[in-house]
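The numbers here are math on the coordinates, done by the rules we state, and not lab data. Note that the structure is a prediction, hence the values are computed from the model and not measured. Every residue, glycine as well, gets a Cβ built from its backbone with ideal geometry; the counts of neighbours run over all protein chains shown.
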């Protein structure tokens, strides 16, 4: 059975498999974040990607002017 762990944000435990626990630890180590912060960052990233895909499915894309404004602010990639 997986171990029980919790973050301050969750304030409750969740049972996860040993494999998932190991993968979370590895991700946290690679990102130099704590286990909870690493998972929270990944969840935020996925939520943003899902929101962007939902906008795209509705045909809601940025304009060329909006792209130009971002590129002039931050520079080319």
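The table below lists the values:
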read-out	value
Selection count where residues are farther than 30 Å from residue 16 by Cα and surrounded by 10 or more Cβ atoms within 10 Å (Cβ to Cβ), scope the stretch 27-77	10
Residue list for the stretch 14-57, restricted to those being touching a residue at least 12 places away in the same chain (Cβ under 8 Å), in contact with a strand residue (DSSP E or B) (Cβ under 8 Å, 6 or more places away or on another chain) and not in a helix (DSSP H, G or I)	15, 16
